[in-house]
Every structure is written in structure tokens, then in C-alpha cells.
Amino acid sequence: MRAAELRERIARHRKLYYVDNDPEISDSEYDALERELLAIERSHPELIAADSPTMRVGGEPADGFATFAHSTPLLSLDNAYGEQELRDWEARLRRTLEDEQPTYAVEPKVDGLSISLHYRDGVLERAVTRGDGRVGEDVTGNVRTIRSIPLRLIESVRYLEVRGEVFLARSAFEELNRRRAETNESLYANPRNAAAGFVRLKDPRVTAKRPLDCFFYELAADEDGLPERHVAGLDRIRDLGLKTNPLNDKCESLDEILAYVEHLRELRDSLDYEIDGVVVKVDELAVRREAGATSKFPRWAVALKYPAQQATTRVSEIRVQVGRTGKLTPVAELEPVALAGTTVSRATLHNEDEVERKDVRVGDTVLIEKAGEIIPQVVKVVETKPRGKRRFEMPTRCPVCDSAADREEGEVARYCTNVACPAQQREKLLHFASRGGMDVQGLGEALVEQLTAKELVRDVADLYGLELDSLSELERMGVKSAENLLAQLEESKTRPLNRLLFGLGVRHVGDRAAQQLAQSFASLDALAEAEAEALEELDEIGPKTAAAVRLFFDQPANRELIRRLVEAGLRPQPVEPPAPVAEDSPFAGKTVVVTGTLPGRSRAEAKKLVEALGGRVAGSVSKKTDLVVAGEAAGSKLDKARELGIRVVDADEFESLV
Ligand SMILES: [Zn+2]
């Protein structure tokens, strides 16, 4: 039967793609398989199965999650901080085992959310969070949307339970926060919190849009019997199409474990997911049974934790900043402290509710933390130190202009209601002049402060009316710098349309949305007249953004601002839609592997370039590879390419091809 055959082929190719990182067919060929299955299922609804790839996002929003009791508890692991504690753990274990030397399985401790998956007859039946270890929440609908998790295993095993860690890649986390920052939404604290939140979202259709991923680390139950070794269990689940961490390894002694820990510490910053340590487990199941468990932890496993990137310091002041949309953000001023290689003197308190919840007061000693690339945040107040006396109260008036600062229903933030608020004006000017916007160099904080204080400039259109005389009289501003600034402003008049759109700071319009709007509308006038429905048809524009764009152009004050900008001589350049890939591109339709170091180009850049030229980038070399780009210090991939007789180009040749 064609449907069954398609399902099998889809299961096999998704394993090659997600688990083995070695696809045999192109993405479009894979999509074609899914589409064919979808077509069959449309005309024969009785053939729709729970494991159909077309059923990934089938769930409806839920009010809450059903609870589910784990068959065997997901125990937490004993922690070891530092080498000595690891040595102590190993010595204790060896005593229990009467000096027998076990083999150890070692793996990176991925910082995410633990889940347990149940497969019946090879089909994903249930996904449950760790919960309290004994009872978790049934999050099947959300977990089904994670692309790297198979809905059907390669074989129809009768019953299987596997455990893994759902995580959000660092790059995905940063991208998500970057976009949220651009549109003034609150940021996720760290990848772990974000991943945990996404898995527990009420609407699977929203979870489906989050790029979650998962590594599986334990075969917990198998009706056909568990292998006697943990690593054999891992091999089995990988063969079945479940992703395991390629950095997993085996160690025969404590010294080997310590070497692995050191190796991983060096790799840590280059991984695209966060790890907070190394998990060490006994490999032999018989030895595990012999070692047993304490009341809390198994004796046969330990989590060696890296020191957290945290520090304690004192809050000297809590200030409230006003952003360009008028949003009030409380910020803790700190006594400077060293943290993860930098000196930190400020940490965000996010919003009113957060300060309230953590009850941070001036004078408190607080624990601060740096997660990912974002600014440090206050984790909690250290209760053992003397506490500050007065609770912090969020002002109900703007700290800059003293206008009312309102908090609307459903919002976590207060906003200054004064459109002429000097703080908002300053932030708008800085955003307009920023690198992603009109890129007016020299128009920094100090200068903007002076320009607004002296009332030379109120809004962005006023910038283009600045004159040499008044400018050069400002503090720290000679004739030369004044001339430079005017030249910069002159140059900015012909920046591409997307930069102007971004610079104007339309709510929810980040650089991607601005780019697409500029590609789709030849001029500001055309965009100003576009209906919300026409805007929503663009990929990067959702209903929220479309409404915000409409609202922006409907406001008479904004229309007037644009009229004045045009009058001042602004002629934003139209942006061409992306050109279709040329037929004669050397990469068109080719599968390309990039390996080694390319001078003057990161590997990510090189891959993007290949894709822009119509090539498909693969992670490893196989018979299907057409071309290998080998930079300096290319290793095993280059050897394999030579072995298979695949065409190899070096860095110079690559540059001439692109
Ligand atoms: Zn204000």
C-alpha cells in the first residue's frame, strides 16, 4: 500500500537528516514525499494515522495538562562541584562495589527540560515532562511538533520508553530575543527557561513555531528487553531514529573522566546549546543494580556541575529607564563585580511584577547571573545579609517628564503617556541613528542629550534642519565634528527604504519585517496606502505587525513627520526583491559540505553563501555529496571526500567560485 510505504520512507529519511546528519535526498524531495502522503490522506481520511507527518501540529489549545505517573521515577542526580567531589563520589562507588572497576558512560549535561517518551508499536503515544520525578504532565501535543522527534520509529517495536532533554539552540535563542528586543517585547531570560515555557504552551500551534530540539540519553524500557549496557541502549535508540548526543563517550577510569570533563569545558563555548556540566554513569546495568540507590539518588551516576556564571553584589540604587515607546524598565545599579570575564555594574529587573516578586530593595545583597548573550539579571536577594529597609515601588508617573505612566490591562509594563516625553524623544533619535537604522555616526547619547536639552531637535525630522553654527557651539563639538555630522546626515538621506522603516521605530517592525516591506513596496507612499490584508500576505508580517504598520501610517502626527522628512530631502532607495538563483551558479542544485577554516570568512557565512547561490549544505560527506569546500585544518571529512572521489575545492578556489 502506497501510504504505508511512504510513511516508512519518510521515517527513514528523517532519521538520516536529523539523527545521522547525512541526508540522501534533498529537502524538496523530502517535502514531496510528505505532500504525496498528505494528498493520499486527504482523499482517504480513513488512512490517516497518528504517526502521519501531516499530524505533527494536530493538537488544539488546552486549558491545562493531564498528569501522568512515570513507570519508573525520573530520579534527579547527585551533584559534584569540582574535581575533588567527583573523586569522592568515585571512591564511594568503588567501595560499594568492593573495588571492582566499572566502565563509565559520559555525556554533556544539556541544560533543558527532561521528558519521557512512550512509543507503542513504533508510534509515539505519549510525552511526559519530568514533573516532580514521579508524576509529570502530558505534553504530547506540544512535543509532537518538535521536528527532530520521530512520530514513528524505524522499526515497529512493541513498547519503548526513552528519556531525553528538550532544549533550545543558543543561536535560536539569540535570534528570538533579538527579534523581541527590536519590537520592544520582553526578553527570555535564558534558553532553558524559554524551552521549558515552549513545551508547556497551551497552544501546540505556537509551540510548532519554536525551534526546539531534543537529545535522548536513556533507554528506560523496552518490551523486547533492555541491553545489558547503557551505551548499547543508546545505539539502539539511535538506530530507531532518536537523536543522541554525538559527544557521548566511554571512560575506563577516573583519569579518563577528568580528561573528558576538561575536553568538554574547552568545547563548551563553541557548542550551539548550553551545557552546565557532565553526567557520569556506570555503563553496565548489572553493576548499577549492585550499586543501588540512596533515598534520593542512584549511587551509580553523578552530575559534575561547572561553576555557574553568577556573582553576589549590593544594590546601590534602583533606577527606572524610559524607552523609546515610553516603556518603564526598572534597573538595579550595582556595586561593580566581576562576572564571566566582564565587570558588571547594572542588571535588569525586567518589570514591576518581577521586582515585586523578588522583592529587591536598595541596600540588598543580590545574586546576579549572566545567561547567554543578554545583559545580567538579578536572580534573587541573598536573605542572610541585612535587608534594605524600604520596598521598591514602581512609580506611576514618568521619572523623566512626570506625566502619568499607565499600565494597561494584560500588559506587564507601564508606559509614559506623554508623546512629547523627552526620554522617548531621545531614545527615538538614538534608534533612528543606530547602525540598523539610518547609521548616522557621531550621533551618540551625549550629543542627543544636548540637542534635546537645548531644544535644537525634538524629532527625527529636526535633525535635517541642523546648522553648522549652532552645532559647533555645543560642548565637545568643534567645527570639524559638526561638519562631519552634517555630512553623515546628508549621506543618510539616500539610505535604503528598509533602514528608514526600521529607524522610524514602527512597533513590531524589526529588521526582517522592514526588509520585506521595503522589497514589496517601492516607496513610503505605496506602503502608507497598503491595506492590512495586503501586508499580512507577506511571510514576515503577522496580524499584529500589519495592524501596527497601519496604525503608524494612520496617525496624522506620523504622516506629518514623513512629509517633513521628504521635504528635508530624504529619498530612501527602493530595495530589490531577492534575485532568483542564476542557472549557471556553480552551486545550483549541488550538495555541498564545508569543512575546515576559511580565511576571512566564518563557516556559517560560507554556508549561507552556498545556499544563496542555490546549493544545499550538508553536515557530513557521503556518496550524495557533490562538492567539498575544504579550508585549513580540514580533517576526517576531507579524507572521506578523497576516499569517495568527490570534488574538493580549497579556500582560494571557493572564493573564485563565489
Ligand atoms: Zn515621560
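Numerical summary
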quantity	calculated
Every residue from the stretch 383-415 that is assigned to a loop (DSSP other than H, G, I, E, B) and within 11 Å of the ligand (Cβ to nearest atom)	395, 398, 399, 400, 401, 402, 403
Boolean, residue 268 is without any contact (Cβ under 8 Å) to a residue 60 or more places away in the chain, among the basic types (Lys, Arg), open to solvent by 10 Å² or more (accessible area, probe 1.4 Å) and touching a strand residue (DSSP E or B) at 6+ places or on another chain (Cβ under 7 Å)	yes
Hey, residue 533 of a type in the set (Asp, Glu), free of Cβ contacts under 8 Å to residues at least 24 places away in the same chain and not assigned by TED's automatic domain parsing to the domain that holds residue 448 or not	yes
Within the stretch 613-624, tally of residues that are in a loop (DSSP other than H, G, I, E, B), open to solvent by less than 90 Å² (accessible area, probe 1.4 Å) and of a type outside the set (Ser, Thr, Tyr)	6
Selected residue (criterion: nearest to residue 401 (Cα to Cα)) from residues of the stretch 419-429 that are open to solvent by 40 Å² or more (accessible area, probe 1.4 Å) and touching a helix residue (DSSP H, G or I) at 6+ places or on another chain (Cβ under 8 Å)	422
Residue that is nearest to the chain's Cα centre (by Cα) [pool: residues in the stretch 451-462 that are crowded, with 16+ Cβ neighbours inside 10 Å, of a type in the set (A, V, I, L, M, F, W, C) and assigned to a helix (DSSP H, G or I)]	460
Strands (runs of 3 or more DSSP E) fully within the stretch 277-342 counting 3 or more residues that are of a type in the set (S, T, N, Q), out of contact with any Ser or Thr (no Cβ under 6 Å at 6 or more places or on another chain) and more than 16 Å from the ligand (Cβ to nearest atom)	310-322
Members of the stretch 625-649 found to be in a loop (DSSP other than H, G, I, E, B) and surrounded by fewer than 16 Cβ atoms within 10 Å (Cβ to Cβ), listed by number	626, 633, 635, 645
Pairs with Cβ under 8 Å, 6+ apart, first in the stretch 94-115 and farther than 22 Å from residue 234 by Cβ, second open to solvent by 60 Å² or more (accessible area, probe 1.4 Å) and among the acidic types (Asp, Glu)	94/100; 96/290; 97/290
Which listed residue, of 114, 148, is open to solvent by less than 10 Å² (accessible area, probe 1.4 Å) and not in a helix (DSSP H, G or I)	148
Residue identified as assigned to a helix (DSSP H, G or I), out of contact with any Cys (no Cβ under 7 Å at 6 or more places or on another chain) and not assigned by TED's automatic domain parsing to the domain that holds residue 23 among 155, 174, 185, 161	174
Residue match in the stretch 463-472 (condition: touching a Gly at 6+ places or on another chain (Cβ under 6 Å) and part of a helix (DSSP H, G or I))	no
Flag for residue 224 being in a loop (DSSP other than H, G, I, E, B), loosely packed, with under 15 Cβ neighbours inside 10 Å and of a type outside the set (Phe, Trp, Tyr)	yes
Filter pass, residue 485 being in contact with a helix residue (DSSP H, G or I) (Cβ under 6 Å, 6 or more places away or on another chain), outside any loop (DSSP other than H, G, I, E, B), outside the structural domain of residue 400 (by TED's automatic domain parsing) and over 23 Å from residue 560 (Cβ atoms)	no
Filtered residue count, the stretch 235-255, keeping only those that are assigned to a helix (DSSP H, G or I) and either in contact (Cβ under 8 Å) with a residue 40 or more places away in the chain or touching a helix residue (DSSP H, G or I) at 6+ places or on another chain (Cβ under 6 Å) (or both)	4
Of residues in the stretch 365-382 being in a strand (DSSP E or B) and in contact with a Pro (Cβ under 7 Å, 6 or more places away or on another chain), the one farthest from the ligand (Cβ to nearest atom)	369
Test: residue in the stretch 463-484 that is at pLDDT 90 or above, under 36 Å from the mean Cα position of the chain (by Cα) and open to solvent by less than 20 Å² (accessible area, probe 1.4 Å)	no
Residues of the stretch 516-544 satisfying the condition of being farther than 24 Å from residue 326 by Cβ and open to solvent by 70 Å² or more (accessible area, probe 1.4 Å)	522, 525, 529, 531, 533, 536, 537, 539
Enumeration of residues in the stretch 416-433 that are more than 8 Å from the ligand (Cβ to nearest atom), in a helix (DSSP H, G or I) and not charged (D, E, K, R)	425, 429, 430, 431, 432, 433
Sole residue being out of contact with any Phe, Trp or Tyr (no Cβ under 9 Å at 6 or more places or on another chain) and modelled with pLDDT of 90 or more, chosen from 413, 404	404
Index of the failed condition, residue 203 passing every other in (1) under 28 Å from residue 238 (Cβ atoms); (2) open to solvent by less than 50 Å² (accessible area, probe 1.4 Å)	(1)
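The values are calculated or read from the model by the stated rules, or taken from the named source; none is laboratory data. All of these numbers come straight from a predicted model, not from anything done at the bench. Note that we place each Cβ from the backbone using ideal geometry, even for glycine, and neighbour counts take in every protein chain shown. Areas reflect the complete protein model, heavy atoms only, side chains present, ligands, DNA and RNA absent. Shrake-Rupley method; radii C 1.70, N 1.55, O 1.52, S 1.80 Å.
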